[in-house]
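Below: one structure, written as structure tokens.
The values are calculated or read from the model by the stated rules, or taken from the named source; none is laboratory data. Everything numeric here is computed off the predicted structure, so don't read it as measured data. Virtual Cβ from ideal backbone geometry, glycine too; neighbours counted across all protein chains shown.
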């Protein structure tokens, strides 16, 4: 079905799972275009309440009657064919479309769509670029994978012909997109349960690049990225630290190991100086990608510098929850060895007495296939604590356990539950330490538990 054409012929769209962080922004954009929106979800939450606040029909729970009057039904990947609303739509001949496909349709309605791809850093870079463009008056729409404090959420509905969104490679989701500008931050071995090997990942990024209509913004220091785009006949600009990069960071330094500073060069000439308040060399790369894209679109060097300096991070990206008992408690989404390495190296340079890394492995396949790499990354902090592996969508056909990981990390600790981890770190961490929870699952709950227990200890000391 030609969904692009269909949107020009209908008025009423129903979203199954409207409270999801990926669904809510699309619903908001469609609403801003004048479509009549309805939706349902199984869980209450901030985004669900937000949609409810617009005064549109939003239902708690799924039922066939919820789709009454709908001319198109959008569903998230988690919604099965047996869902009563999906079943009713099929029975009534109402077209159904999965969220990632709908994102592609939405983005094609913008003349200058920008897709941020890469194995690591998508959410931070999407947020940085959105903040630069919004702060510089470009008035883009934005769909971000995490909450950006600057806009008070993970979406922004602008009135220009620009949209910024994340392009996720998992199960080739990003191949639903035809961006005007594609950013490729890096390419690494991940999601091997689907891709099997790095060559297949490169092939997917190659296809994604060929679906880009205007410009590729690529990491000139990342050989995998360069390999993936070498035969793509489209305008390219590169960013990185290397001398051959169009946009380069030079004279890099760190203020007390936290605030990364550098001079931004464009084709060898200094554009501006940048001072970040988010830590780590990986964030320099993210900021370079955002700066290069914004500059191409017409942002001034001063606008780029000012807005990057104001960027305070995204929810679950080295997010500091508190400092009870003089102990800093933070949480981070890192769930791949490369991400862990970048974040932990940054943490170790920040002047804490001791860094405690609490890691929740995410999927059996990733843990099994990258076991040695995870072990090397978790040797970086002073103490590594590992929880049970979060299965997500898998069963343990890999015969892999969290203790297989701790066995490879000297001095590491395995604790099965978040309660046990909370008790352990709260009893042993001291003033001046950092407790950093890490993982792509629900380990943030452990961070909240640790923060709460330390606060209780502080108040009752």
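Checking each residue in the range 423-454 for being surrounded by 15 or more Cβ atoms within 10 Å (Cβ to Cβ), touching a helix residue (DSSP H, G or I) at 6+ places or on another chain (Cβ under 9 Å) and over 23 Å from residue 348 (Cβ atoms) picks out 423, 449, 452, 453.
Residue check: is residue 93 under 24 Å from the mean Cα position of the chain (by Cα) and not assigned by TED's automatic domain parsing to the domain that holds residue 182?
Numbers: under 24 Å from the mean Cα position of the chain (by Cα): no; not assigned by TED's automatic domain parsing to the domain that holds residue 182: yes.
No, not satisfied.
Would you please name the residue that is farthest from residue 292 (Cα to Cα), looking only at residues in the range 158-174 that are in contact with a helix residue (DSSP H, G or I) (Cβ under 8 Å, 6 or more places away or on another chain) and at pLDDT 95 or above? Explain how you work it out, then say what you get.
Residues of the range 158-174 that are in contact with a helix residue (DSSP H, G or I) (Cβ under 8 Å, 6 or more places away or on another chain), as a first pass: 158, 162-174.
Filter again for at pLDDT 95 or above, leaving 158, 162-165.
Numbers: 158: 21, 162: 16, 163: 16, 164: 14, 165: 16 Å.
Only one residue fits best here, namely 158.
Of all the listed residues (370, 378), the sole one being surrounded by 24 or more Cβ atoms within 10 Å (Cβ to Cβ), within 23 Å of the chain's Cα centre (by Cα) and in the same structural domain as residue 420 (by TED's automatic domain parsing) is 378.
Counting only strands (runs of 3 or more DSSP E) that sit wholly inside the range 1-99, those with at least 1 residues that are more than 23 Å from residue 166 (Cα to Cα), touching a helix residue (DSSP H, G or I) at 6+ places or on another chain (Cβ under 6 Å) and at pLDDT 90 or above are 36-41, 58-60. Within the range 212-222, work out how many residues are crowded, with 17+ Cβ neighbours inside 10 Å and farther than 22 Å from residue 244 by Cα. Final tally of qualifying residues: 1.
Would a scan of the range 272-279 turn up a residue that is in contact (Cβ under 8 Å) with a residue 60 or more places away in the chain and either closer than 22 Å to residue 313 by Cα or assigned to a loop (DSSP other than H, G, I, E, B) (or both)? Yes: one or more hits. Tell me which residues, restricted to the range 313-331, are modelled with pLDDT of 90 or more, touching a helix residue (DSSP H, G or I) at 6+ places or on another chain (Cβ under 8 Å) and over 14 Å from residue 448 (Cβ atoms). Listed by number, the residues that qualify are 325, 327.
Look through the range 129-142, keep the residues that are buried (at least 24 other Cβ atoms within 10 Å of the Cβ) and touching a strand residue (DSSP E or B) at 6+ places or on another chain (Cβ under 9 Å), and return whichever of them is nearest to residue 157 (Cα to Cα).
Step by step, filter the range 129-142, then rank; the result is 141.
Residues that are in contact with a strand residue (DSSP E or B) (Cβ under 8 Å, 6 or more places away or on another chain) and free of Cβ contacts under 8 Å to residues at least 60 places away in the same chain within the range 143-155 comprise just one, 151. In the range 449-458 there is no residue that is within 13 Å of residue 340 (Cβ to Cβ) and assigned by TED's automatic domain parsing to the domain that holds residue 334.
Report yes if residue 71 is surrounded by 15 or more Cβ atoms within 10 Å (Cβ to Cβ), within 19 Å of residue 9 (Cα to Cα) and not assigned by TED's automatic domain parsing to the domain that holds residue 179, otherwise no.
The answer is yes for residue 71.
Answer yes or no as to whether residue 421 is under 25 Å from the mean Cα position of the chain (by Cα), under 19 Å from residue 454 (Cβ atoms) and not in a loop (DSSP other than H, G, I, E, B). Explain how you work it out, then say what you get.
Numbers: under 25 Å from the mean Cα position of the chain (by Cα): no; under 19 Å from residue 454 (Cβ atoms): yes; not in a loop (DSSP other than H, G, I, E, B): yes.
So residue 421 fails the test.
Please work out if residue 378 is modelled with pLDDT of 95 or more and farther than 14 Å from residue 280 by Cα. For residue 378, the condition - modelled with pLDDT of 95 or more and farther than 14 Å from residue 280 by Cα - is met.
Kindly evaluate residue 283 against the criterion of being in a helix (DSSP H, G or I), crowded, with 22+ Cβ neighbours inside 10 Å and at pLDDT below 95. Spelling it out, residue 283 is indeed in a helix (DSSP H, G or I), crowded, with 22+ Cβ neighbours inside 10 Å and at pLDDT below 95. Residue 46 fulfils the conditions (1) under 24 Å from the mean Cα position of the chain (by Cα); (2) buried (at least 21 other Cβ atoms within 10 Å of the Cβ) except for a single criterion, (2).
Of all residues in the range 395-407, those satisfying the criterion of being out of contact with any strand residue (DSSP E or B) (no Cβ under 6 Å at 6 or more places or on another chain) and either surrounded by 15 or more Cβ atoms within 10 Å (Cβ to Cβ) or on the phi > 0 side of the Ramachandran plot (or both) are 398, 399, 400, 401, 404.
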